[in-house]
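Working notes, beginning with the structure itself.
Readers should treat all values here as calculations from the given coordinates under stated rules, not as data from a laboratory. This is a predicted model, so every value here is computed, not measured. Cβ: placed from backbone, ideal geometry, glycine included. Neighbour counts: every protein chain shown.
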Amino acid sequence: MDRRTLLKSSGLFMGALGLSTLASRAAIAAPAQAATQGSAVFIPSAKTPLLLNFNENSLGMSPKAQAAIINELPAAFRYPDDARAALISTLAKGNGLSDKQITLGNGSSEVIQMAIHAYCGKGTQLVCPDPTFNYAELYAEPMGTTITKVKLQKDTLAIDLKAMRAATEKFAGVSVVYLCNPNNPTATITPAADIEAWINSAPERVFFIVDEAYHEYVTDPRYASAARLVQAGKKNLIVARTFSKIYALAGLRIGYGLAAPEIIARLDTWASIDNTNLPAAIAANASLQDTAFIRQSLSTTAQSRKIVTQALDELKLAYLPSHANFIFHRVNSSSAAYRENMKKLHIMVGRPFDHTDGWNRLTLGTPAEMQAFVKALKTLRQQNLA
Amino acid sequence: MMNLAERAPDYIRAIAPYQAGKPISELAREMGLDEAAIVKLASNENPLGLPPKARAALEAALSDLARYPDGNGFALKAAIAERFAVTQDQVLLGNGSNDILELVARTFLRPGDSVVFSEYAFAVYPLVTQATGARAIEVKARDYGHDLDAMLAAIEPSTRLVFIANPNNPTGTLIKPGALLEFLEAVPEDVLVVLDEAYTEYLAPELRADVIGFLARFPNLLVSRTFSKAYGLAGLRVGFALASAAIVGMINRVRQPFNVNSLAQAAAVAALDDADFLARAVALNRQGMAQLTEALARLDLPYIPSFANFVTFHVGDAAALNSYFLRHGVIVRPLASYNMKNSLRVSIGLEEENARFIEVLEAALR
């Protein structure tokens, strides 16, 4: 099959799962934030819907980041090279790496895309948990890559590393392993010891993409960033991180990758030139240094998690331990019906994930937002809808 | 055992990364100069800065950046479609027009295909060609510009793409509308012509080809534009392409879902609507071009007549002159990577920036 035919045949898949569902939220996105900030009570309405469906940070960006953007806006007619170099330097220092071990992406999704373009294609295999964040699959599939999805463990919904490893051992060619830690949509962690044991002993033909989009939220001691493998000189992985989650810069599109210098050099040939914009680089750099904002985000997320888990306990709805700014919980109906019922109350929750009907992914917004959510959840329960 | 990095195909490992213009802060550090005293005329940016309407739109958009952008770019596509009288499904948005060029290559090229472009054309064409494993067919330039007859003759059965930059970067040369039309009429229908018009806003109206009319006639044409030059938004990263809905639809399949950030979308909508800024940018460019070319003529330095916002001139030892410029806080663009070792490219700046460039140039030649 030639590449055009391949693109055509994969188009429906990409269109259905990629562009349209992710993009269609735009129409309802704009008004929520102003209503969220600074108010003790949040009342969802058609004009100010409550957006708990994209794991964004409802606090909005760090005030220092916002001030930095405003300060630098007059320079936005220039290409962003200066600001990119400064951010790379901050990231290198913060992660105990050299500048040559950092790449910037137009969101961490571009870092994932660069790795997929560099390693996948016909005759190679992508091994990923199922369900998980699906961009690696979206990018790899049209390239003719064999996609091997490994179901989460039955009761815990934890990633099944053993089965994933077995999948790489059965495959003779290059395998790219996508690991999302904490995983999306479950918010559960995979212990560092297990990941490190595999990466340290994997054969040369296996390459790992460790997506740590929610890294900053994790406090569990069993978790550690795979960045320490990069620090130790391992050349068979890239760690992808984003500024879209705790740093609240989703609209600016900026993420980064950590890897060995030769891996970064190889991936950079797949990166678009000047792929990160000036305000994003400026805001990201300022955000990294605003420890007060990070503390505030962590503490409001913890409060919000408590508000939600208390209500779920009260309503006897099971949930998985949340190590991120979202939580995966049971609902007493199909997931689709539950989302629709919440939508009628102007609350957007979750999105579809395979093999997990009866579960919903809920973003943890501000405590005021979560109180509004709990109120709605109890209303649905009274109507036997949740 | 073979290192994973060494598993990269030869065509990827052969790529020499793109060299951007030297950043101001880097030069300040290297030379111990004051940043404010440095004149950067290296990256063809708009010396007027941001359009005032874009500035206002940016400030208004700041409060909502924690949310993901509109992945469909609805408002911007609507504004572009209205401005250029095309339908919204004919508009493709990119993270800069560089993203557009890469997306086109990634969508239509595979190893074994070939791509035709001109000698001295934009450096990104060979880069994106190489990255897909396709073969570059570089056609010798005529008077530093595109030799369309030779390019037509160079098209092979394996050729899938032709890149044309009009005006061309880094030489500033122009293909007249009639010649472009003749070329499009002669190109085989199964070859996509990528017409890169990054600098088209600087052209006098009578020199501008009716590309919108061409689009209606030639389903194998894609026109690429950018907001980084005359619209003054280089730091925000936004460009677009116009083509048939079928071509745009195909490229959208490999596009990253959120490739254009929220600030860029808001600023681009406003910039399209800032006719006054665009007129001032074009007028300033015309005056600056006269200022620079008069000086070059006076100093007996031959230059390539340019239709863009920069001019390329020839000197004996360009590397030596370039380092003289850098030592005196003026950043211009050496063109050795384009195989033009004896030439430098200078972007047109504000009147006083141009004057500083001329002053340093005169001192260097004295």
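Could you tell me which of rounded, prolate or oblate describes chain B, using a ≥ b ≥ c as the square roots of the eigenvalues of the alpha-carbon gyration tensor, with rounded for a/c under 1.5 and, failing that, prolate when a/b is larger than b/c and oblate otherwise? Before the final figure, lay out the partial values.
Numbers: a/c = 1.41, a/b = 1.20, b/c = 1.17.
In terms of gyration-tensor shape, rounded.
Among B:338-344, B:219-225, what's the highest-first ranking by average C-beta atoms within 10 angstrom per residue? Mind showing how you got there, number by number?
Numbers: B:338-344: 17.7, B:219-225: 21.4.
Going by the mean number of other Cβ atoms within 10 Å, highest first, we get B:219-225, B:338-344.
Per DSSP H run of at least 4 residues, take -39500 (n - 2.57); add these up for chain B, divide by its residues and hand me the 222 nm value, nearest 500 deg cm²/dmol.
Details: 14 runs with 145 residues, N = 366.
Here the helix-only value at 222 nm equals -12000 deg cm²/dmol.
What percentage of all Cα-Cα pairs in region B:84-148 are separated by more than 21 Å? Write out the running numbers ahead of the final one.
Numbers: 752 of 2080 pairs.
For region B:84-148, the fraction of Cα-Cα distances above 21 Å is 36 percent.
Counting each DSSP H run of 4 or more residues in chain A as -39500 (n - 2.57), what helix-only mean residue ellipticity at 222 nm follows after dividing by all residues, to the nearest 500 deg cm²/dmol? Kindly include the intermediate steps, with their values, before the conclusion.
Numbers: 16 runs with 161 residues, N = 386.
Calculated at 222 nm, the ellipticity per residue is -12500 deg cm²/dmol.
Would you work out the charge dipole size for region A:64-288 about its Cα centre, treating the Cβ of every Lys and Arg as +1 and the Cβ of every Asp and Glu as -1, and quote it to the nearest 20 debye? It would help to have the intermediate numbers written out before the result.
Working: 21 positive and 21 negative charges, 49 e Å.
The dipole magnitude comes to about 240 debye.
Using alpha carbon centroids, what distance separates region A:200-273 and region B:100-132, in Å?
Distance between centres, Cα-based: 29 Å.
Using each residue's phi in region A:358-364, evaluate 6.51 cos²θ - 1.76 cosθ + 1.60 at θ = phi - 60° and report the 3J(HN,Hα) Karplus result to the nearest Hz, with x for Gly and Pro.
Couplings: x, 10, 9, 9, 10, 6, 8 Hz.
What number, in percent, do you get for the relative contact order of region A:242-288 if the mean sequence gap of Cα pairs under 8 Å and at least 6 apart is divided by its residue count?
Numbers: 29 pairs, mean separation 20.2, N = 47.
Relative contact order here is 43 percent.
Shielding of A:103-112 by partners, i.e. mean partner chain Cβ atoms within 10 Å per residue?
Values: counts 0, 0, 1, 9, 8, 0, 4, 5, 0, 1.
The shielding value for this peptide is 3.
Say each of B:Phe74 and A:Ala336 gets a label point 7 Å from the Cα, pointing the same way as Cα to Cβ; how far apart are those two points in nm?
If labels sit at B:Phe74 and A:Ala336, their model points lie 2.3 nm apart.
What is the distance in Å between the Cα centroid of region B:338-366 and that of region A:43-73?
45
Just counting partner chain Cβ atoms within 10 Å, what average do the residues of peptide A:244-253 show around their Cβ? The partial results should precede the final answer.
On the way: counts 5, 1, 0, 1, 3, 4, 9, 16, 8, 13.
What the average comes to for A:244-253 is 6.
Label points 7 Å out from Cα along the Cβ direction at B:Gln287 and A:Ala232: separation in nm?
Calculated label separation equals 6.4 nm.
Once amide H atoms are placed 1.01 Å from N in the peptide plane, what residues at a sequence separation of 5 or more from A:Val176, or on another chain, have their amide H within under 5 Å of its amide H?
Correct list: A:Gln125, A:Leu126, A:Val127, A:Phe207.
Taking the alpha-carbon distance from A:Lys122 and a cut-off under 16 Å, which aspartates and glutamates remain once sequence neighbours fewer than 8 residues away in the same chain are dropped?
Output for A:Lys122: A:Asp2, A:Glu137, A:Glu141.
Going down the list B:Lys40/B:Lys341; B:Lys40/B:Lys77; B:Lys22/B:Lys229, which pairs span over 22 Å between their C-alpha atoms? Numbers along the way, then the final one.
Values: B:Lys40/B:Lys341 20 Å; B:Lys40/B:Lys77 32 Å; B:Lys22/B:Lys229 17 Å.
As for pairs spanning more than 22 Å Cα to Cα, those are B:Lys40/B:Lys77.
Could you go through region A:270-286 in sequence order and give the Karplus-derived ³J(HN,Hα) for each residue, using 6.51 cos²θ - 1.76 cosθ + 1.60 with θ = phi - 60°, rounded to whole Hz, and x for Gly and Pro?
Here the 3J(HN,Hα) series is 9, 8, 5, 5, 6, 6, 10, 7, 4, x, 5, 5, 5, 5, 4, 4, 5 Hz.
Would you please name the trypsin sites (Lys or Arg not before Pro) within region A:216-299 that are DSSP coil residues with at most 15 other C-beta atoms within 10 Å of their C-beta?
Working: sites: A:Arg222, A:Arg228, A:Lys234, A:Lys235, A:Arg241, A:Lys245, A:Arg253, A:Arg266, A:Arg295; in loops: A:Arg222, A:Lys234, A:Lys235, A:Lys245, A:Arg253.
Counting only loop positions with at most 15 other Cβ atoms within 10 Å, the trypsin sites (Lys or Arg not before Pro) in region A:216-299 are A:Arg222.
Evaluate the distance, in nm, between pseudo-label points positioned 7 Å from the Cα of B:Glu206 and of B:Ala363 along their respective Cα→Cβ axes.
Going from the B:Glu206 label point to the B:Ala363 one covers 4.2 nm.
Can you give me the pair-distance distribution of chain A, C-alpha pairs, 20 Å bins, whole percents?
Percent of pairs per bin, in order: 28, 59, 13.
Which of A:Lys100/A:Lys245; A:Lys154/A:Lys245; A:Lys93/A:Lys154; A:Lys47/A:Lys149; A:Lys100/A:Lys151 have a Cα-Cα distance over 30 Å?
From A:Lys100/A:Lys245; A:Lys154/A:Lys245; A:Lys93/A:Lys154; A:Lys47/A:Lys149; A:Lys100/A:Lys151, over 30 Å: A:Lys93/A:Lys154; A:Lys47/A:Lys149; A:Lys100/A:Lys151.
Quick check: residue separation of B:Ser323 and B:Lys140 times 0.36 nm, minus the Cα distance between them. What number comes out in nm? Display every interim value, and only then the final one.
Details: separation 183, 0.36 × 183 = 65.88 nm, distance 2.94 nm.
Here the answer is 62.9 nm.
If you plug each phi of region A:195-207 into the Karplus form 6.51 cos²θ - 1.76 cosθ + 1.60 with θ = phi - 60°, what whole-Hz ³J(HN,Hα) values come out, in order, with x for Gly and Pro?
For region A:195-207, the Karplus curve yields 5, 5, 4, 5, 4, 5, 10, 6, x, 4, 7, 10, 10 Hz.
Mind ordering A:330-343, A:49-62 by average Cβ neighbours within 10 Å, highest first?
Working: A:330-343: 17.6, A:49-62: 24.1.
By packing density, highest mean first, the sequence is A:49-62, A:330-343.
Which residues among region B:23-42 fall inside the zone where the amide N is under 19 Å from a point 7 Å beyond the Cα of B:Ala336, along Cα→Cβ?
Output list for this probe position: B:23, B:27, B:30-31, B:42.
Report, in debye and to the nearest 20, how large the dipole of the protein assembly as shown comes out about its Cα centre when Lys and Arg carry +1 and Asp and Glu carry -1 on their Cβ. If you can, show how the numbers build up before the last one.
Values: 72 positive and 71 negative charges, 462 e Å.
With Lys and Arg at +1 and Asp and Glu at -1, about 2220 debye.
If the reach is capped at under 19 angstrom between alpha carbons, list the lysines near A:Lys316, excluding any in the same chain fewer than eight residues apart.
Correct list for A:Lys316: A:Lys306, A:Lys375, A:Lys378.
Can you give the convex hull volume of the alpha carbon atoms of region B:63-273 per residue, in Å³?
Working: hull volume 23.9 nm³, N = 211.
Hull volume over Cα atoms, normalised by residue count, gives 113 Å³.
Could you tell me what percent of the DSSP beta bridges with both partners in region A:64-288 are antiparallel, to the nearest 5? Mind dumping the intermediate values first?
Numbers: 9 of 28 bridges.
Beta bridges within region A:64-288, antiparallel portion: roughly 30 percent.
Peptide A:66-76: average number of partner chain Cβ atoms within 10 Å per residue?
4
Might you report the magnitude of the Cβ-based charge dipole of region B:55-154 about its Cα centre, with Lys and Arg at +1 and Asp and Glu at -1, to the nearest 20 debye?
Working: 9 positive and 13 negative charges, 31 e Å.
Computed charge dipole of region B:55-154: roughly 140 debye.
Which values, in whole Å and largest first, are the semi-axes of the equivalent ellipsoid of region A:64-288 obtained as the square root of 5 times each eigenvalue of the Cα gyration tensor?
Numbers: eigenvalues 178, 69, 50 Å².
Equivalent ellipsoid semi-axes, largest first: 30, 19, 16 Å.
Sort all Cα-Cα distances of region B:113-212 into consecutive 10 angstrom bins from zero, then give the percent of pairs in each bin up to the one containing the longest distance.
Going out from 0 Å in 10 Å bins, region B:113-212 shows 16, 52, 29, 3 percent.
Please compute the contact order of region A:41-171 in relative form: average sequence separation of alpha-carbon pairs under 8 Å and at least six residues apart, divided by the residue count, as a percent. Write out the running numbers ahead of the final one.
Values: 96 pairs, mean separation 18.7, N = 131.
14 percent.
Just for the protein assembly as shown, what percent of DSSP beta bridges are antiparallel, to the closest 5? Could the numbers behind the result be given before it?
Values: 33 of 74 bridges.
Here the antiparallel bridges make up roughly 45 percent for the protein assembly as shown.
Once you keep just the Cα pairs under 8 angstrom separated by 6 or more residues, what percentage relative contact order results for chain B? Walk me through the numbers on the way to the answer.
Numbers: 668 pairs, mean separation 87.6, N = 366.
Over chain B, the number comes to 24 percent.
If we restrict to alpha carbons, what Rg and Dmax does the protein assembly as shown come to, in Å?
Looking at the protein assembly as shown, its Cα Rg and Dmax stand at 26.4, 89 Å.
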